[in-house]
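Notes to accompany the following structure.
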Amino acid sequence: MITPKEFGRDPVLTLHDARFVEFLRVAWDEWSKTEYEGEGIPTYWPARRMTQRIPTFIEGKMGHYSLSSETSINSGTWEASVASKDVALTGPNCSSKAMSRPCSRSGLPDTMRPLTCTEATVF
């Protein structure tokens, strides 16, 4: 087993919108400052393509950046996402297999989608 190298945000920003990445970085902190308990789970979805305005309150942001109510944010989401990216990028540069599965297979650079039980990350 090897320790993954750190690759920074540049590789992520080639695939994902910078506002989406920043949302993922701060979402748990914003959610934690509300009266809501537990994981951050979207409960409604603003009509994205009718207006390009991103909501300012975390509940609106959750819906703006998700495709489903099964998509949640918790205290380890950002750290897991960063670690997954580093594992995925380190893997091809070594002789062992990388154990990571990126999530943003929605085909959209600025949305998260539900994870199955075997998936652990957002990027």
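Sub-8 Å Cβ pairs linking a first residue in the stretch 14-41 that is within 16 Å of GLY60 (Cα to Cα) and touching a residue at least 60 places away in the same chain (Cβ under 8 Å) to a second residue that is surrounded by fewer than 16 Cβ atoms within 10 Å (Cβ to Cβ) and among the β-branched types (Val, Ile, Thr), at least 6 apart or interchain, are ARG19/ILE54, ordered by first then second residue.
For the residues LEU24, LEU89, the requirement of being closer than 18 Å to ASP110 by Cβ and of a type in the set (A, V, I, L, M) singles out LEU24.
Given GLU70, GLU6, which one is in a loop (DSSP other than H, G, I, E, B), surrounded by 11 or more Cβ atoms within 10 Å (Cβ to Cβ), acidic (Asp, Glu) and touching an Asp or Glu at 6+ places or on another chain (Cβ under 9 Å)?
GLU6
From the list SER100, SER96, the lone residue that is at pLDDT below 90, hydroxyl-bearing (Ser, Thr, Tyr) and either in a helix (DSSP H, G or I) or in contact with a helix residue (DSSP H, G or I) (Cβ under 6 Å, 6 or more places away or on another chain) (or both) is SER100.
Is at least one residue of the stretch 28-40 under 19 Å from PRO109 (Cβ atoms) and surrounded by fewer than 16 Cβ atoms within 10 Å (Cβ to Cβ)? No.
The values are calculated or read from the model by the stated rules, or taken from the named source; none is laboratory data. Computed from a prediction, not measured in an experiment: that's the story for all the values here. Here the Cβ is made from the backbone with ideal geometry for all residues, glycine too, and neighbour counts use every protein chain on show.
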